[in-house]
Amino acid sequence: MANIIETVAPERRVAKSHDLRTKRILSAAERLFLAHGFDGASMDDIAFDAGVSKRTVYNRYISKEELFDEVAYGACESIFNFSFDECISLPARDYLMIFAEALLRMRLSPESISLQRNISFRSHRRESLASGYESFGTKPIIELLSKYLEEKTRLMNGAIMDETEAAWTLFTLIREPLESQLIMLNIEPEDMDEAITQQADRGVTKFLTLYPHFEQKTAFFS
């Protein structure tokens, strides 16, 4: 029990086989959709950026919507590629701080911020964004945190709590308000590393204030 390791590893899709031109189209489409959103990127722009003709793009994708769907789900899969291996016998604050900082560095990367802007403003219209975000951006995180909290609860001899609700609370406290400031307001701190550390500390501290029993007993393993 002294070396329990947690990992986030959502099931990956089997990669499709693409020819070189298709790969260039997808690469260009991802760059432009992330930078300009669905409405701001045209098929002409994508073809030019990929170095192919517009006809070549339409020979592979019958519409911008079809191309966007493939790019969007793939971007969620690759950008929200978060893994976390750490021994849960660490004191709760130490474990959660390491987790929070790792999560924030993944979610606040420039590519992730661009993707989350697309998700925020278009996921209600594109199922690929909504399902991709759930599959890779939230579900594995909540499952990991729920499993961690459940194990800690069990080791505290049956403390009553809803681990999934607590996991969502922690997930939100870790991210906000810094994540929304970057996504919605485009406010970027001068020192991102320091901002991440401060945000992680605030989120973990607030969580442990709501659930103080996790800090009251840290020597779970002998």
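Scanning the stretch 1-52 for residues that are of a type in the set (Ser, Thr, Tyr) and either part of a helix (DSSP H, G or I) or modelled with pLDDT of 95 or more (or both) gives Thr22, Ser27. The number of residues in the stretch 160-176 being part of a loop (DSSP other than H, G, I, E, B) and either at pLDDT 95 or above or within 14 Å of the chain's Cα centre (by Cα) (or both) comes to 1. Looking only at residues in the stretch 119-159 that are of a type in the set (Lys, Arg) and either more than 20 Å from the chain's Cα centre (by Cα) or closer than 21 Å to Val71 by Cβ (or both), the one that is modelled with the highest pLDDT is Lys139. Looking at Ser83, Ser42, just one residue is in the same structural domain as Lys147 (by TED's automatic domain parsing) and over 16 Å from Ile119 (Cα atoms), and that residue is Ser83.
Screening Met97 on (1) of a type outside the set (Asp, Glu); (2) modelled with pLDDT of 90 or more; (3) surrounded by fewer than 19 Cβ atoms within 10 Å (Cβ to Cβ) shows it passes everything except condition (3). Among the criteria (1) at pLDDT below 85; (2) exposed (fewer than 14 other Cβ atoms within 10 Å of the Cβ); (3) touching a Leu at 6+ places or on another chain (Cβ under 9 Å), the one Asp85 does not fulfil is (3). Of the candidates Thr169, Thr153, Thr197, the single residue that is assigned by TED's automatic domain parsing to the domain that holds Ala102, hydroxyl-bearing (Ser, Thr, Tyr), crowded, with 16+ Cβ neighbours inside 10 Å and within 30 Å of Arg117 (Cβ to Cβ) is Thr169. Among the conditions (1) over 24 Å from Pro110 (Cα atoms); (2) surrounded by fewer than 20 Cβ atoms within 10 Å (Cβ to Cβ), Met43 misses just one, which is (1).
A count restricted to the stretch 110-136 and to residues that are basic (Lys, Arg) and closer than 23 Å to Leu178 by Cα stands at 2. So, in the stretch 200-222, how many residues would count as being modelled with pLDDT under 65 and closer than 18 Å to Ala167 by Cβ? Qualifying residue count, the stretch 200-222: 0.
The values are calculated or read from the model by the stated rules, or taken from the named source; none is laboratory data. Source: prediction; values computed, not measured. As a convention, Cβ positions derive from the backbone with ideal geometry for all residues, glycine included, and neighbour counts pool all protein chains shown.
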